[in-house]
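A.B. asks: Sharing a structure here in structure tokens format.
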Amino acid sequence: MAKLEDRALAPNAQLNDDIGEETRLRMYRMQVEIREAEQRAFDLFLQNLVKGTSHLSLGQEAVAAGCAAAMKPGDLSFCTYRGHAHTLARGVPIEQVLGELMQRDNGLMRGKGGSMHLTSADHGIMGSYAIIGAHLPIACGAAWRAQYKGQKDVSVCFFGDGTTNIGAFHEALNLAAVWKLPVIFVCENNLYMEYTPIADVTAVKNPAADRAAAYGLPRIVIDGNDADIVYRTASEAYDKARAGDGPSLIECLTYRHSGHSRADPAKYRPEGELERWKERDPIKIYRERLRQFGVSDDVIVAIETEAKRKVDEATEKCKAAPMPPAEILTTDVYADGGFAWRN
Amino acid sequence: MAKLEDRALAPNAQLNDDIGEETRLRMYRMQVEIREAEQRAFDLFLQNLVKGTSHLSLGQEAVAAGCAAAMKPGDLSFCTYRGHAHTLARGVPIEQVLGELMQRDNGLMRGKGGSMHLTSADHGIMGSYAIIGAHLPIACGAAWRAQYKGQKDVSVCFFGDGTTNIGAFHEALNLAAVWKLPVIFVCENNLYMEYTPIADVTAVKNPAADRAAAYGLPRIVIDGNDADIVYRTASEAYDKARAGDGPSLIECLTYRHSGHSRADPAKYRPEGELERWKERDPIKIYRERLRQFGVSDDVIVAIETEAKRKVDEATEKCKAAPMPPAEILTTDVYADGGFAWRN
Amino acid sequence: MAELTYRDAVIRGIAQEMTRDPDVVFLGEDVAKAGGVFKATVGLYEQFGPLRVRDTPISEQAIMGAAMGAAMTGLKPIAEIMFSDFFAVCFDYIANEFPKSRYMSNGQLKCPLVVRTGNGAGSRFGAQHSQSVENWCMMIPGLKVVAPSSPRDVIGLLAASVRDPDPVIFLEHKSLYATKGEVPDGEIVDQLGTASIVRPGRDATILALALMVPRALAAAEKLKGEHGIDCEVIDVRSLVPLDTRTILGSVARTHRLFTVEENPRLCGWGAEIVSIVADEAFYDLDGPPVRITTPHIPLPAADVLEDLALPSADRIAERVRRSLES
Amino acid sequence: MAELTYRDAVIRGIAQEMTRDPDVVFLGEDVAKAGGVFKATVGLYEQFGPLRVRDTPISEQAIMGAAMGAAMTGLKPIAEIMFSDFFAVCFDYIANEFPKSRYMSNGQLKCPLVVRTGNGAGSRFGAQHSQSVENWCMMIPGLKVVAPSSPRDVIGLLAASVRDPDPVIFLEHKSLYATKGEVPDGEIVDQLGTASIVRPGRDATILALALMVPRALAAAEKLKGEHGIDCEVIDVRSLVPLDTRTILGSVARTHRLFTVEENPRLCGWGAEIVSIVADEAFYDLDGPPVRITTPHIPLPAADVLEDLALPSADRIAERVRRSLES
Ligand SMILES: Cc1ncc(C[n+]2csc(CCOP(=O)(O)OP(=O)(O)O)c2C)c(N)n1
Ligand SMILES: Cc1ncc(C[n+]2csc(CCOP(=O)(O)OP(=O)(O)O)c2C)c(N)n1
Ligand SMILES: [Mg+2]
Ligand SMILES: [Mg+2]
């Protein structure tokens, strides 16, 4: 397991109650719901009910929860194909997410986008992007709009360790820094691109943080499996952005419990690696944290039960939902609602 | 004028004769020939004899001379549109360079490439590239071939400060570092992209050197107007590459005396900037250096006179040269010599 | 009425829209303080200030991405890509992002932006700075693609592009920047998707775009004067939306079709239109539809070679004559 | 003879060429240790070792640039771009570098490389992982463009591509990877620029590529069985060089032309071929040449929608019938 930077390690949690119970329960709820929903997506895939591809965040829930909890309404998120967690964390109904994965008419985009492109503008999910790196400059643009209009929202983009080696990463970071944009770059370093260890193809140890100085930014590496740490770090970054002090680049160390995508049994993992990371399962860590802060097991179990119930209910609705109708095949190519390229 | 890193400053030249008179005279000859040829290109442009665009290296000659002098036969150069100097420094006849600028049949590529694409494979000039950043990965590829085949040549690519902000820069540097390729990245920081000061659009002070750590490379910034310093630094980088120890990124601080291209009167310069840099004219510096090492004025003047003569002679030949014949319009699109895309 | 260069029309067009709508912002390399490498944005920085007219690093992907993110969230950005050849370094935005986000999001996202660029040959810049890339854009579903041939159209179509709710690729022809034309005073707003019959005629329809429009017109005059052949010349202006009505209407009258393309041979807009006409107006045609194009080669730098490569008025006239007389 | 999947044919094709020539090297994302995301390169790393089969960072520009630099200086690289949609992030190499360096250098430089990629729809991956981008490549002078439809063609055309002295874009269809076909034993080397008449017929010519070939064949069987219409089906195989001889010859016999394209409507290879035929074989045609394509839309993810978007055997048959009977 990668060694963490000291600055980011949580002080003894018991001595520290800057976060508060309400937020903590929220973050736990988010993590558990994401876990349940992602696990369900996997099960549905095995039943051949999730079509196409799908990229789960099992094991990475703390990043999504910690960041989402640090956001204000109106803040914008730009996600990748591995975006279910971030979408759910902002309150998008599970049914609509699973519906999209199942390519049903009740899906967030009625099946037109698919699992890699979850979008819910109403919840600030400004799209999920499946071309590596593309959304980093786009998030800069949204932040530029806020800066230009004097609006106080902040844009965040989530991406993986592998994304730090593509050109768009470099261009976005430089532009954000030069223009002092209210944008946050959150790298979820789960140690792998698809199947290749990030260390095999990257010139530095911490693929995001070791590049921060190249854009005049401070080096930030945190334990991405501890939602409190993520929350505190993200909150600082949001404050900084809102204060007009420019972007942050945050590297969250984490691990995905499942394969890269539904097609991947993840055989490339060294023996014992998954098990070691499962000991640091974000939900396990956080359940413990809640107990340390005196949250009763009843409350914890109630959250878990409620999450399962919600996912069950959403699943049933999705199974009953119709397929998208033929007539939407050609809608919404252009703003007039259609696809006419000629008169 | 930008402050230089101490490590790169030349020790008192008089106490230092690691370079030797032969190499010094060669470097002076190169710089003077480049100066004369580039100045002539400018004059010919004023006479409407240089067509299209052209990007001169007036003021940047020491980088070309210092690097070329550090090369061995067989080493490969990848240049930009601002590539006349590097092409001449490797011994390509002036006539062929000016001929290409004048778009004559005696040009290096018979007018098919133009001033931005000077290529002389026989001299190791493996093309000049006019899309910013494109040749950095290409140079990596040439270096990869050397590594794979166990060949000892090294590839170098030259580019400007502005190029450090494009994605291909990032991708090339990372790949070169991870694969430990025998490639050298030489950034000629002349303070401007086309007309915009590099400082206005870059998150760090030294656009190349301040990014080196992002690829696990040492930070190197040198006085690019002193051919000796360039030569020593480049030689080290060549040795390192040949020893299998991977790439180098060298930032040479320099300045272009003319505008970005023939179309540019360079009005954006702050008052006095050009004059201050002209005090540090590489040729002036190097003439002084030769004197310090006891080279007689006769020898110096002879080099200068010979350079003028060669450029005069080349100019006359170019003026007399025919235009390219119509039949080459469609040759060499494909390897069979033609352009047939159908039967 | 004033006589304006195409270059100054770009400035006036942008200024008109920036004056009208404070959400219109403009970004690109060397566009602000320096006024652009083609001097087609001179004075905008002074007029609209550093917040609205922004110099960027050499980061075409960041330019395009920033424009898109801003467009999605409420601005109307105009992004400049200096030479259209550089679309290749930011093609992901053109091909995969701008045109797909509305569809993929089932209409939740929008992308109202304009990408302006210097397109086309004639400057002796060689293969990487001279291309006509209208087909790179036309082939992508979700984009709109416009290419004006006159100063008046520059202003009117630029205004229409900025006001359009979809991503528009606006191709300015480098070799037209110095050309002049009459432009009415006051606001000009044209309409996308409208071709313009710039010379009526009865014997054949010639379609042209941008720099090829004046050449097609010159060819038509020559054909009339020297051979009594009366050609209708249509400035296509807008490739997407495409004004097939005007095109098919013309072919129905003239019964012959010629397209004059600056882009290389394969898969150009000429092929698209010829195919439409061949399919939908087959029985209107009295002879084969003919594409006149640049050969399928990278462009040479040398003036003598570049001039040979591009369709000239003479070559157009000769090809039409030969075809009609055979 | 052995029955092989299209996927295994890719492996065998690469292995054949790497065995033959030590200068053939292979690079891409997740291609080596993991054997590729489509499992189309499994075993090559083990067979040829880490120097010849290399995993890269997610840096498509570096992949393409490295391949080009290596090709220029003596290797014969095969580069994988995982999905053809990602051509958009390295399009500069495809459009401006590979195909222009020989010309710009007046023949001094060469670029003998192959870019393999997973192309096409059918996997329910949505708009950014499903495109058919053959026209993105065909439109660029200086490239060669190949798209096999059978395991045997995969090996033969891949070998021909690797041995070709020019840059070749080799488009493997994702939805064909699991399909099977008979493949002869021993070395297989085919020839670029040759189309193949996969079903002779007298009433109409249907041109198809890759996944559309089996669909066109199924359509032809249906047309024969249900309507007595006897179609000739041609697998175009190679878009550049294009075997216009075979195509024009077929149209001269059948007098009707249909193209079946998976790519979206505008500026596809169908438009190019229709235009060639309309120009050069106008008087051979007994009726309008017709393009059958995916509509001009980004591709949807949902299976029910994606299936509607692509030309199906039924749609092809119906369109041909309607056209021939009208
Ligand atoms: C430009 C581009 N190249 C390659 C891919 C294929 N691909 C999809 S996910 C992925 C790995 C990404 O790794 P990372 O950034 O670490 O994110 P993770 O999947 O681990 O969350 C790759 C290579 C892509 N989608 N886009
Ligand atoms: C991808 C791309 N973007 C923009 C340009 C236009 N352009 C040509 S030279 C130049 C400035 C380059 O600056 P720098 O790298 O500092 O090199 P210099 O010209 O100063 O030597 C620009 C923007 C280009 N050729 N390619
Ligand atoms: Mg990862
Ligand atoms: Mg510079």
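Please treat every number below as a calculation from the coordinates, not as lab data. On a predicted model such as this, the values are computed, not experimentally measured, just so you know. Note that each Cβ is placed from the backbone with ideal geometry, even for glycine, and that neighbours are counted across all protein chains shown.
A.B. asks: Which distances in nm, rounded to one decimal and ordered from shortest, link the label point of C:P184 to the equivalent label points in the other identical copies, with labels set 7 Å from Cα toward Cβ?
C.D. replies: 7.1
A.B. asks: Provide Rg and Dmax in Å for region C:96-208, with only Cα atoms included in the calculation.
C.D. replies: In Å, with Rg to one decimal and Dmax whole: 15.9, 49.
A.B. asks: Give me the angle, in degrees from 0 to 90, between the Cα long axis of helix C:60-72 and the longest principal axis of the Cα atoms of chain C, rounded to the nearest 10.
C.D. replies: 80 degrees
A.B. asks: Taking every DSSP beta bridge with both residues inside chain A, roughly what % is antiparallel (nearest 5)?
C.D. replies: Roughly 10 percent of the DSSP beta bridges within chain A come out antiparallel.
A.B. asks: Give the span of region D:148-203's Cα atoms along each principal axis, as three whole-Å numbers ordered largest to smallest.
C.D. replies: Principal axes ranked by extent give 39, 26, 25 Å for the Cα atoms.
A.B. asks: How much net charge surrounds A:S77 when only other residues with a Cβ under 14 Å from its Cβ are counted (Lys, Arg +1; Asp, Glu -1)?
C.D. replies: On the way: positive: A:K72, A:R82, A:R90; negative: A:D75, A:D122, A:D153, A:E188.
Net charge in that neighbourhood comes out at -1.
A.B. asks: Also: Where Rh is the Kirkwood radius over the Cα pairs of region C:94-144, the temperature 4 °C and the viscosity 1.567 mPa s, what D in µm²/s does Stokes-Einstein return?
C.D. replies: On the way: Rh = 12.7 Å.
Translational diffusion coefficient: 102 µm²/s.
A.B. asks: Same structure again: Give the nm distances, rounded to one decimal, from B:E316 to the matching residue in every other copy, measuring between label points 7 Å along Cα toward the beta carbon; shortest first.
C.D. replies: Label point to label point, same position, other copies: 9.9 nm.
A.B. asks: Now a separate question. Cut-off under 16 Å on the C-alpha distance; same-chain residues fewer than 8 positions from B:K319 excluded. Which lysines are left, in chain and number order?
C.D. replies: The reachable lysines, counting only those whose Cα sits under 16 Å from B:K319, are B:K51, B:K310.
A.B. asks: Next question. Find the Cα radius of gyration of region D:278-326, compare it with 2.2 N^0.38 Å by division, and give the number to two decimals.
C.D. replies: On the way: Rg = 14.3 Å, N = 49, 2.2 N^0.38 = 9.7 Å.
After normalising by residue count via 2.2 N^0.38 Å, the value is 1.48.
A.B. asks: Still on this model: For region C:204-305, what does the alpha-carbon gyration tensor say about shape, rounded, prolate or oblate, given a ≥ b ≥ c as the root eigenvalues, a/c under 1.5 as rounded, and a/b over b/c as prolate?
C.D. replies: On the way: a/c = 1.83, a/b = 1.26, b/c = 1.45.
Taking the square roots of the gyration eigenvalues as a ≥ b ≥ c, region C:204-305 is oblate.
A.B. asks: Does anyone have the angle between helix C:212-227 and the longest principal axis of chain C? Alpha-carbon axes, 0 to 90°, nearest 10?
C.D. replies: 20 degrees
A.B. asks: Would you mind computing the Rg to Rh ratio of chain A from its alpha-carbon coordinates, Kirkwood style for Rh? Show your work: numbers first, answer last.
C.D. replies: Details: Rg = 19.6 Å, Rh = 20.4 Å.
Using only Cα positions, Rg/Rh for chain A is 0.96.
A.B. asks: Still on this model: Quick check on the exposure proxy: order A:I138, B:I19 from fewest to most C-beta atoms within 10 angstrom.
C.D. replies: On the way: A:I138 33, B:I19 19.
So the residues, fewest neighbours to most, are B:I19, A:I138.
A.B. asks: Here is a follow-up. What is chain B's relative contact order, in percent, from Cα pairs under 8 angstrom and six or more apart in sequence? Intermediate results must be reported in sequence, preceding the final value.
C.D. replies: Working: 647 pairs, mean separation 77.7, N = 343.
23 percent.
A.B. asks: List every residue whose amide H lies under 5 Å from the amide H of A:I222, counting only residues 5 or more places away in sequence or on a different chain, with H placed 1.01 Å from N in the peptide plane.
C.D. replies: Close amide H contacts, sequence-distant or interchain: A:E251, A:C252, A:L253.
A.B. asks: Give me D for region C:248-318 in µm² s⁻¹, whole number, from Stokes-Einstein with Rh from the Kirkwood sum over alpha-carbon pairs, 25 °C and 0.890 mPa s.
C.D. replies: Numbers: Rh = 13.1 Å.
The estimated diffusion coefficient comes to 187 µm²/s.
A.B. asks: Also, I was wondering about something else. Would you kindly compute the Cα radius of gyration of region B:169-239 and its largest Cα-Cα separation (Dmax), both in Å?
C.D. replies: 13.0, 36
A.B. asks: Which GluC sites (Glu not before Pro) in region A:252-308 sit in a loop by DSSP (not H, G, I, E or B) and have at most 12 other Cβ atoms within 10 Å of their own Cβ?
C.D. replies: Sparse-neighbourhood loop GluC sites (Glu not before Pro): A:E271.
A.B. asks: Can you name the chain A residue with its Cβ nearest the rotation axis from A to B, and give the distance in Å as a whole number?
C.D. replies: Spelled out as residue then distance in Å, it is A:G167, 1.
A.B. asks: If only Cα atoms are counted, what is the Rg of region A:205-287, and what is its Dmax, in Å?
C.D. replies: Calculated on Cα positions, Rg and Dmax stand at 15.7, 46 Å.
A.B. asks: Mind pulling up the Rg/Rh value for region B:78-189? Radius of gyration and Kirkwood radius, both on Cα. Don't skip to the end; give the middle numbers.
C.D. replies: Working: Rg = 14.3 Å, Rh = 14.3 Å.
With Rg and the Kirkwood Rh in hand, the quotient comes to 1.00.
A.B. asks: Working from Cα positions, state the angle (0 to 90°, nearest 10) between the long axis of helix D:6-20 and the longest principal axis of chain D.
C.D. replies: 50 degrees
A.B. asks: Shielding of C:256-269 by partners, i.e. mean partner chain Cβ atoms within 10 Å per residue? The partial results should precede the final answer.
C.D. replies: Numbers: counts 0, 1, 0, 1, 0, 0, 0, 3, 6, 8, 20, 18, 5, 3.
The shielding value for this peptide is 5.
A.B. asks: Please list, in chain and number order, the residues 5+ apart from A:Y129 or on another chain whose amide H is under 5 Å from its amide H, with Hs placed from the backbone.
C.D. replies: Hits under the 5 Å cutoff: A:C79, A:T80, A:Y81.
A.B. asks: In region C:177-284, which trypsin sites (Lys or Arg not before Pro) are in a loop and have at most 15 other Cβ atoms within 10 Å, using DSSP for the loop call?
C.D. replies: Passing both the DSSP loop test and the Cβ count: C:R202.
A.B. asks: Also, I was wondering about something else. Binning at 5 Å from 0, report for region B:232-275 what percent of all alpha-carbon pair distances ends up in each bin.
C.D. replies: For region B:232-275, the binned pair fractions read 5, 17, 18, 12, 8, 10, 14, 11, 6, 0 percent.
A.B. asks: What is chain D's relative contact order, in percent, from Cα pairs under 8 angstrom and six or more apart in sequence? Before the final figure, lay out the partial values.
C.D. replies: On the way: 718 pairs, mean separation 53.6, N = 326.
The normalised contact order for chain D reaches 16 percent.
A.B. asks: If I take every Cα pair under 8 Å that is 6 or more residues apart in region B:134-196, average their sequence separation and divide by the length, what percent do I get for the relative contact order? Numbers along the way, then the final one.
C.D. replies: Working: 81 pairs, mean separation 27.4, N = 63.
With pairs under 8 Å counted, the relative contact order is 43 percent.
A.B. asks: If you don't mind, another one. With a/c under 1.5 counting as rounded, go ahead and sort region B:15-151 into rounded, prolate or oblate using the C-alpha gyration tensor (a ≥ b ≥ c being the square roots of the eigenvalues; past the cut-off, prolate if a/b is larger than b/c, else oblate).
C.D. replies: Details: a/c = 2.06, a/b = 1.18, b/c = 1.75.
Taking the square roots of the gyration eigenvalues as a ≥ b ≥ c, region B:15-151 is oblate.
A.B. asks: Taking θ = phi - 60°, what integer Hz values does the Karplus form 6.51 cos²θ - 1.76 cosθ + 1.60 yield along region A:85-98, in sequence order, with x for Gly and Pro?
C.D. replies: Values per residue, Gly and Pro as x: 4, 5, 5, 4, 4, 8, x, 5, x, 4, 4, 5, 6, 5 Hz.
A.B. asks: Using only alpha carbons, build the gyration tensor for region D:9-149 and give me the equivalent ellipsoid semi-axes, biggest first, whole Å.
C.D. replies: Numbers: eigenvalues 98, 86, 33 Å².
Semi-axes, largest first: 22, 21, 13 Å.
A.B. asks: What are the distances, in nm and sorted shortest first, from the label point of B:R242 to the label points of the same position in each other copy, with each label point placed 7 Å from Cα along the Cα-to-Cβ direction?
C.D. replies: Taking the point 7 Å beyond Cα along Cα→Cβ, the inter-copy spacings are 6.0 nm.
A.B. asks: Can you run the Rg to Rh ratio on chain D? Use alpha carbon positions and the Kirkwood inverse-distance Rh. Walk me through the numbers before you get to the answer.
C.D. replies: Details: Rg = 19.4 Å, Rh = 20.0 Å.
Here the Rg-to-Rh quotient is 0.97.
A.B. asks: Assuming a ≥ b ≥ c are the square roots of the Cα gyration tensor eigenvalues, decide whether the protein assembly as shown counts as rounded (a/c under 1.5), prolate (otherwise, with a/b larger than b/c) or oblate. Please report the intermediate quantities before stating the final value.
C.D. replies: Numbers: a/c = 1.44, a/b = 1.03, b/c = 1.39.
Here the protein assembly as shown falls in the rounded category.
A.B. asks: On to the next question. From the P(r) of region A:248-343, can you give the percent of Cα pairs sitting at distances over 19 Å? Numbers along the way, then the final one.
C.D. replies: Values: 3310 of 4560 pairs.
The share of Cα pairs beyond 19 Å in region A:248-343 comes to 73 percent.
A.B. asks: Residues of C:73-80, mean number of Cβ from any other protein chain within 10 Å of their own Cβ, rounded to a whole number? Numbers along the way, then the final one.
C.D. replies: Working: counts 14, 6, 6, 0, 4, 0, 1, 0.
Mean shielding by partner chains, rounded to a whole number: 4.
A.B. asks: From the phi of every residue in region B:287-294, what ³J(HN,Hα) in whole Hz does the Karplus formula 6.51 cos²θ - 1.76 cosθ + 1.60 yield, where θ is phi - 60° and glycine or proline is x?
C.D. replies: Working through the residues one at a time gives 4, 4, 4, 4, 4, 4, 8, x Hz.
A.B. asks: Can you tell me which lysines have their Cα less than 23 Å from the Cα of B:K149? Leave out same-chain residues fewer than eight positions away.
C.D. replies: B:K72, B:K180, B:K240, D:K33, D:K76, D:K110
A.B. asks: So what's the convex hull volume per residue for the Cα atoms of region D:58-106, in Å³?
C.D. replies: Values: hull volume 3.4 nm³, N = 49.
Dividing the Cα hull volume of region D:58-106 by its residues yields 69 Å³.
A.B. asks: Report, largest value first, the span of the C-alpha coordinates of region A:284-336 along each principal axis, in whole Å.
C.D. replies: Answer, in whole Å and largest first: 55, 27, 15 Å.
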